[in-house]
Every structure is written in structure tokens, then in C-alpha cells.
Amino acid sequence: MTDAQPNPNAKFKRRIFSGIQPSGNLTLGNYLGALRRFVEKQDEGIETIYCLVDLHAITVWQDPDALRHQTREAAAGFIAAGIDPERSILFNQSQVGGHAELAWLMNCVARMGWMNRMTQWKDKAGKNAEKASLGLFAYPSLMAADILLYHATEVPVGEDQKQHVELTRDIAAKFNHDYKVDFFPQPDSVIEGAATRVMSLRDGTKKMSKSDPSDASRINLTDSPDAIAKKIRKAVTDPEPLPETLEGLEGRAEARNLVNIYAALAGKTPAEVLGEYGGEGFGKFKPALADLAVSVMEPINAEMNRLMQDPAEIDRILGRGAEQADAIARPILEKTYEIMGMVRSR
Ligand code: ATP
Ligand code: MG
């Protein structure tokens with residue numbers, strides 16, 4: 001932003017919001033692209049609100065018992081990774097009614113054409129768009145509501161969610177313009193680190209996703225050390241040794257992915273990793289990466305398992321978080337209704 005442009009968020013308190021769908025096991029992609037960043041943000045002196053977005057998860061079919069389990073397990077994953085429910089608000093989306101309510105209001109602001117351009121919609125609906133749920137199409141509008149409901153100014157996400165945060169800005173701007181108010185901020189996506197887009201271990205052109213039908217394509221936070229090592233050993237790569245410089249990764253998506261993952265796990269830059277491993281083959285690099293991944297993920301996995309022994313405590317944490325979230329959301333939602341002309345008399 002240049003000095004000439006006023007900061008559109010100047011009048012808003014800095015606030016961080018982000019979410020992860022409990023649509024399966026948390027992956028290494030979710031951890032490096034999102035969750036680990038969420039933890040770092042707790043130390044920046046800004047209010048942090050983190051959400052298990054169960055309403056997003058049901059945009060594709062979820063078995064009810066599995067969804068309940070995944071939600072608790074994802075909450076355990078958040079806490080095990082370092083989200084402190086005393087310092088961050090942690091809850092599941094469906095416990096705060098404002099998300100669904102504001103999503104409806106935002107559905108009436110967002111335009112069909114905007115939704116049609118969303119890459120995630122095109123990727124997920126694929127050739128079967130006619131059979132996709134209406135919720136999957138409207139997903140970005142619910143996500144805009146998630147963020148705007150708290151007047152959040154910063155949204156830490158992986159690369160794949162950048163477009164949805166941009167859409168949130170468009171929706172906020174259209175609302176402010178149509179109703180001649182300066183009510184919603186323009187949230188910024190925060191995309192940081194060496195692994196903002198972790199790729200599938202089976203296909204270097206596809207993002208690692210918890211909903212990928214192939215379990216071998218991803219590393220789950222719940223995987224055992226053996227499973228992690230095996231998946232990395234079997235990761236698709238080319239036969240060439242690692243290059244000495246970043247330019248040498250050009251056209252080598254799988255090699256680049258493993259180098260980025262190593263860098264993110266080790267807290268190094270990809271160039272530093274190549275400085276160390278350039279010239280080495282995958283026979284040496286993969287075991288080193290597996291050891292590193294296990295050393296980072298095993299303690300999280302163990303703590304998750306411990307927390308899952310007491311699901312009632314997890315539910316209590318989510319319930320308390322939902323109350324805190326609701327206390328921030330309700331007045332913002334009420335004001336939105338008022339701006340839009342709804343009679344509010346109870
Ligand atoms: P699904 O396949 O159900 O969409 P997902 O793995 O894409 O699951 P989401 O819940 O959609 O996970 O995304 C949660 C957060 O994790 C978002 O901030 C997203 O940008 C980030 N994220 C997801 N996949 C990756 C990835 N492969 N690399 C980096 N960040 C990722
Ligand atoms: Mg996703």
C-alpha cells in the first residue's frame with residue numbers, strides 16, 4: 001500500500017480469523033499452510049479466532065458420525081499443534097448461528113458471476129457441476145460471512161484460499177457501496193512460509209488435500225511414524241539428483257514440493273535446503289525428510305491421541321469458544337440486519 005492510499009481498515013481493530021474444514025484428517029498441507037501459522041499469530045498481540053468450519057464440510061457428503069469424530073479430532077489437532085484456547089477463540093462454526101445467518105445476507109450481495117469464476121468451485125464440482133450441492137457453489141459466500149462476521153482484518157490461509165479472500169473483499173466493498181456505509185473491513189489474506197501450497201505426494205500438479213481419495217497422496221496428522229516414512233519413500237519423484245540452485249527445480253514439481261516441505265519443517269529457506277542436499281539423490285533426501293517430518297509430527301500426534309481420550313473436554317472447549325465468538329459476532333450481525341432494513345423488535 002502506498003502512502004497516497006488511505007488504509008481501508010484503519011478504523012477497524014486488527015483481528016485474525018481463519019478456519020479449517022473437519023472434512024477428514026488434518027494433513028501436512030493444512031499444518032504447514034495454515035495451522036502452524038495460526039499458532040504463530042497467537043504471539044502477535046492480536047485477537048485470534050479459529051474455527052472448525054463444519055458447515056463448509058457438509059458442502060460435500062459427510063457421514064454424521066464421522067463428521068462428529070473428525071470435528072473433535074481436528075480440535076485436538078489444533079490444540080496439540082499449539083492453539084491455546086485461553087489465548088485464541090477456538091470453536092466449531094455451527095455452534096455460532098451468525099455464520100449461517102450472515103451467509104444468507106451475503107448470498108444476496110454476492111453475484112453469480114463472481115461465484116462462477118472461483119477455481120475451487122470448478123475443481124471440486126468438475127464435470128459434475130449439475131450434481132454438486134448448492135452449498136458447494138455458495139461456499140465462498142459462507143466463507144466471506146465467516147470472516148466479516150468478526151470484522152476480521154487478517155486471514156492466514158494457504159495459497160489455494162487467496163481467491164476466496166479476494167472475493168470476500170469484493171463482497172464487503174459491494175455491501176459498503178450499496179448501503180452507503182463503511183461497515184465491513186477489507187480483509188487481507190496472509191500467505192506466508194515455504195509451504196503455502198503443499199502438493200500431493202502422488203501428483204506434483206495437484207494440491208495435497210484431506211479429501212483426496214488416495215490416502216497415499218497426503219501425510220495425515222494422525223499417521224504413525226512408519227506410515228509417514230513409507231508415504232515419503234513412495235512419493236513420486238524423478239530420477240535426477242537434487243539441483244544446487246532453485247532454478248534447477250524448474251519443471252520438477254515433485255522435487256520442488258519435497259524441498260519446500262523440508263524447508264518449512266526445518267525452518268529454512270528452500271535455497272538453504274538445496275545448499276545442503278544439492279547433488280544428492282532422493283535415496284538420501286527422502287529418509288532425511290522422513291526423519292524430519294516424524295520429529296515434528298510425532299509429538300503432535302501423541303498429544304492429539306491424549307486429548308482424544310477425553311472428548312467431553314474437547315466439547316467443553318468448543319462450547320466455551322463458541323460463546324466467546326458469539327459475543328463478538330452478535331452485535332455485528334444485528335447491525336448488518338439494521339443496515340439492510342430488517343425490523344428487529346425482540
Ligand atoms: P478439502 O480437501 O476438504 O478442501 P483441504 O485439505 O483443502 O480439505 P481446507 O479445510 O479446505 O483443507 O483448508 C484449510 C486451510 O488449509 C486453508 O487455509 C487452506 O488454504 C490450507 N491448505 C489446504 N491444503 C493446503 C496445502 N496443500 N498446502 C498449504 N495449505 C493448504
Ligand atoms: Mg480445501
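Any read-out appearing in this document is the output of simple, stated calculations on the displayed coordinates, not a laboratory observation. Keep in mind the model is a prediction, meaning the values are calculated, not measured. Every residue, glycine among them, receives a Cβ derived from its backbone with ideal geometry; neighbour counts consider all protein chains shown.
Worth pointing out:
- HIS151 sits among other residues whose Cβ lies under 9 Å from its own Cβ, and their net charge, with Lys and Arg +1 and Asp and Glu -1, is +2.
- Taking 0.36 nm per residue of sequence separation and removing the Cα-Cα distance, the GLU166/TRP104 pair yields an extension gain of 20.4 nm.
- Global form of region 215-306, assessed from the alpha-carbon gyration tensor, a/c cut-off 1.5: prolate
- Using θ = phi - 60° and Karplus 6.51 cos²θ - 1.76 cosθ + 1.60, couplings along region 323-337 (whole Hz; Gly, Pro as x): 5, 5, 5, 4, 5, 7, 6, 3, x, 5, 5, 4, 5, 5, 4
- On Cα atoms only, tilt of 134-148 relative to the major axis of the chain in degrees: 80 degrees
- Here ARG111 and ALA10 are evaluated by their C-beta separation; at R0 = 30 Å the FRET efficiency comes out at 0.60.
- Neighbour-limited loop hits for trypsin sites (Lys or Arg not before Pro), region 183-257 (at most 16 other Cβ within 10 Å; DSSP other than H, G, I, E, B): ARG197, LYS206
- Tensor-based shape of region 1-122 (alpha-carbon gyration tensor, a/c under 1.5 rounded, otherwise prolate or oblate): oblate
- Taking MET208, MET143, MET118 as the candidate residues, the one with maximal mean-square fluctuation in a Gaussian network model of the chain, Cα springs under 10 Å, is MET118.
- Amide H contacts under 5 Å for GLU244, placed H, 5+ residues apart: GLY279
- Table column - 3J(HN,Hα) (Hz), region 71-76, Karplus curve with 6.51, -1.76, 1.60, x for Gly and Pro: 5, 5, 5, 5, 4, 4
- Sequentially through region 96-105, phi angles give Karplus couplings (6.51, -1.76, 1.60; θ = phi - 60°) of 10, x, x, 4, 5, 5, 5, 4, 4, 4 Hz, Gly and Pro residues having no value and appearing as x.
- Taking every C-alpha pair closer than 8 Å and separated by at least 6 residues, the mean separation divided by the residue count of the chain gives a relative contact order of 22 percent.
- Close amide-amide hydrogen proximity is noted between THR27 and LEU221, each under 5 Å apart and 5 or more residues distant or on a separate chain (H modeled in the peptide plane; Pro and chain starts excluded).
- Those residues of region 9-36 whose amide nitrogen sits under 15 Å from the label point placed on LEU292, 7 Å along Cα→Cβ: 29, 32-33
- Computed from the Cβ-Cβ distance with R0 of 30 Å, the FRET efficiency linking ASP123 to ALA173 stands at 0.70.
- Amide H within-cut-off set for ARG15, under 5 Å, with H built and near neighbours excluded: THR153, GLU154
- Under the criterion of Cα pairs below 8 Å and six or more residues apart, the relative contact order for region 215-306 equals 38 percent.
- GNM flexibility winner over the chain from VAL109, VAL165, VAL198 (Cα, springs under 10 Å): VAL109
- Distance violations [Cα-Cα > 27 Å] among LYS231/LYS284; LYS162/LYS286; LYS206/LYS230: LYS162/LYS286
- The antiparallel fraction among DSSP beta bridges confined to the chain stands at about 10%.
- The chain: most fluctuating residue of GLY275, GLY24, GLY321 per GNM, C-alpha cutoff 10 Å: GLY275
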